[in-house]
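Beneath this line is the structure, given in structure tokens, with notes to follow.
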Amino acid sequence: MGFSAVDYAVLAAYLVGITWFGSRFRKSHRSVKDYFVGSRRTPWLVISLSIVATETSTLTLIGVPALAYTVYPRPELGGSFTYLQVVAGYIVARFAISWLFIPAYFQGGMLTAYELLNQRFGPQAKHFTASLFLVMRALAEGVRVFAASLVLAAVLGASMPGLPHLWLWSIVIVGLLTLVYTYEGGIAAVIWTDLVQLVIYVGGSLLAAYMLVQLVPGGWAAVVDDARAAGKLQAISWSWDLTVPFTFWAGLIGGCFLTMASHGTDQLLVQRLLTCRNQRESQIALIVSGFVVFAQFALFLTIGMMLHAYYAHHPLPPMASNDEIFPAFIVRSLPHGVAGLVIAAIFAAAMSNLSGSLNSLASTTVLDFYQPLAGRGVDDARLLALSRWLTASWGIVLIAIAIAARDWGSVFTVGLTIASIVYGPMLGAFLLGVLTTSATQTGVMAGIAVSLAAMIAVRVFTPLAWTWYVLAGASMCAAVGLLVSRAAR
């Protein structure tokens with residue numbers, strides 16, 4: 001059907017509306033604590049849904065349906081519901097984080113994750129891990145914004161052939177509008193716009209799923225029959241093959257360690273936990289988010305299964321890769337207005353990730369680097385003003401990285417896996433901090449450095465599946481950290 005004027009109107013209404021809504025939170029904060037943790041007044045359910053929105057990127061929204069749509073030679077590689085084994089690991093990890101990390105964060109009255117390492121080991125360990133976070137988050141988020149721009153350009157390009165460099169305009173629009181409301185509203189704007197954006201992308205996905213069932217000849221029964229014939233209904237694999245990502249063991253163990261790192265040590269998500277009123281509500285918010293994420297991934301995988309049945313009866317659109325299958329269906333097959341809403345959902349996923357990254361990058365820069373150097377003499381009004389300007393500065397940096405990513409070639413793939421390489425050493429350091437009393441600052445820093453080098457080698461030279469990366473990196477960091485700590489005595 002193509003993208004119509006009605007679709008553009010819906011998309012424009014979303015972009016203007018979400019920017020206006022987020023900017024209204026400026027009046028809700030008078031201090032740097034308000035700006036970064038919302039003075040811990042946000043209801044736990046809102047924070048729980050914000051966590052879900054934050055860990056759902058545009059790549060998730062389009063990549064997971066593509067994963068389920070594609071036919072692979074083995075179900076452990078994708079093309080079925082075996083991905084849910086990884087998501088089950090996400091849920092297990094949330095219980096572990098609630099027991100290991102959240103009590104430590106609240107007992108210490110912390111505003112960033114890396115203050116935990118400062119209290120346990122010293123400022124050098126804090127600065128090392130905080131620096132790793134800044135580099136990892138900036139590169140990973142810049143690449144995500146670029147990837148989202150490619151999707152949007154591919155979707156909208158056919159209806160806007162006269163507008164060159166549509167990918168660049170997508171980056172600028174998403175980047176600047178997200179920057180406006182994050183700069184103005186701080187973490188309160190980030191969390192509440194996350195809630196709105198989650199409603200939009202989940203609602204858009206449900207609407208697309210409903211339309212798919214209506215458009216497949218034979219309806220839901222035909223979808224299930226097609227999925228069964230293609231081997232797409234398998235959900236569990238007991239294989240011990242370490243080179244494939246979606247087995248029960250890789251999913252449950254690897255997914256658990258991945259989420260312990262992303263939700264327990266990454267300021268992007270830890271910041272959400274710190275905005276809760278108290279420790280108990282933080283634990284509830286995190287655990288509930290795991291079950292919501294499971295349902296969300298089941299929905300995205302089901303959409304991929306439906307797309308496979310749909311294109312068994314309809315001609316495939318021209319695509320550079322299967323990642324374009326869901327966006328192409330949206331533009332070509334959904335009614336006018338509905339297509340605009342679902343494309344707005346793709347924008348929503350991109351903006352939700354970006355806003356959280358901006359605020360977490362600014363909070364780490366101010367609270368872990370500037371404030372300790374400036375000392376207690378700096379007043380709160382100055383810190384608040386600096387926090388806003390650092391949010392703006394990081395916004396410009398991320399837009400620049402997103403634009404530069406176009407020329408990175410093979411580095412693009414490395415950018416998407418950067419978090420899985422860094423997360424292992426980071427998690428190892430935090431586990432040494434909360435589970436041992438013998439580890440020292442020198443040992444922890446040596447463990448992180450050796451583990452980083454080892455994980456780069458694993459990535460380049462071995463076929464190990466990505467689901468095992470964090471476990472391998474954390475184990476290496478912990479082992480080296482303990483050995484160096486004992487040797488230094």
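No lab work stands behind these numbers, since they all come straight from the coordinates. Every value quoted in this text rests on a predicted model; they were computed, and no experiment measured them. Positions of Cβ are generated from backbone atoms using ideal geometry, with glycine treated the same way; all protein chains shown enter the neighbour counts.
Taking the chain as the reference, fit the longest principal axis to its C-alpha atoms, fit the long axis of helix 380-404 to the helix C-alpha atoms, and give the angle between the two in degrees, 0 to 90, nearest 10. Its long axis makes an angle of about 50 degrees.
Each Lys and Arg adds +1 at its Cβ and each Asp and Glu adds -1 at its Cβ; summed about the Cα centre, the stretch 223-363 shows a dipole of about 320 debye. Taking the charge dipole of the chain about its Cα centre, with +1 at Lys and Arg Cβ atoms and -1 at Asp and Glu Cβ atoms, the residue from T42, V378, L286 reaching farthest to the positive side is V378.
Counting only Cβ charges, +1 for Lys and Arg and -1 for Asp and Glu, the dipole size of the stretch 5-407 around its Cα centre is about 960 debye. Within the straight-line cut-off of under 20 Å between alpha carbons, the aspartates and glutamates reachable from K126 are E115, D266, D368, sequence neighbours fewer than 8 places apart in one chain being disregarded.
For the chain, what is the calculated [θ] at 222 nm in deg cm²/dmol (nearest 500), taking -39500 (n - 2.57) for each run of four or more DSSP H residues and dividing by its residue count?
So the helix-based figure for the chain works out to -24500 deg cm²/dmol.
Neighbour counts of other Cβ atoms within 10 Å put H336, H29 in the fewest-to-most order H336, H29.
Helix 58-69 and the long axis of the chain differ in direction by around 50°, with both axes built from C-alpha atoms. Distance between the pseudo-spin-label points of K27 and I456 (7 Å out from Cα toward the beta carbon): 5.1 nm.
When only DSSP loop residues count, what trypsin sites (Lys or Arg not before Pro) in the stretch 1-96 have their Cβ near at most 16 other Cβ atoms within 10 Å? Don't skip to the end; give the middle numbers.
On the way: sites: R24, R26, K27, R30, K33, R40, R41, R94; in loops: R30, R41.
Filter output for the stretch 1-96: R30, R41.
Summing charges over all other residues whose Cβ lies under 9 Å from the Cβ of A66, with Lys and Arg as +1 and Asp and Glu as -1, gives -2.
Which is the longest run of the chain containing none of the chymotrypsin sites (Phe, Trp or Tyr not before Pro) found in DSSP loop states (not H, G, I, E, B) with at most 10 other C-beta atoms within 10 Å? Excluding the exposed sites themselves, the longest stretch runs over 241-489. Of the labelled figures (1) 22.9; (2) 21.9; (3) 24.1, only one reflects Kirkwood radius over Cα pairs in Å as derived from the coordinates, namely (1). Counted by Cβ distance under 11 Å from G38, the other residues give a net charge of +4, where Lys and Arg count +1 and Asp and Glu count -1.
Quick one: net charge of A153's neighbours, Cβ under 12 Å, K/R +1, D/E -1?
Working: positive: R406; negative: E324.
So the surrounding residues net to 0.
Computed from Cα atoms, the angle from the helix 219-229 axis to the main principal axis of the chain rounds to 70 degrees.
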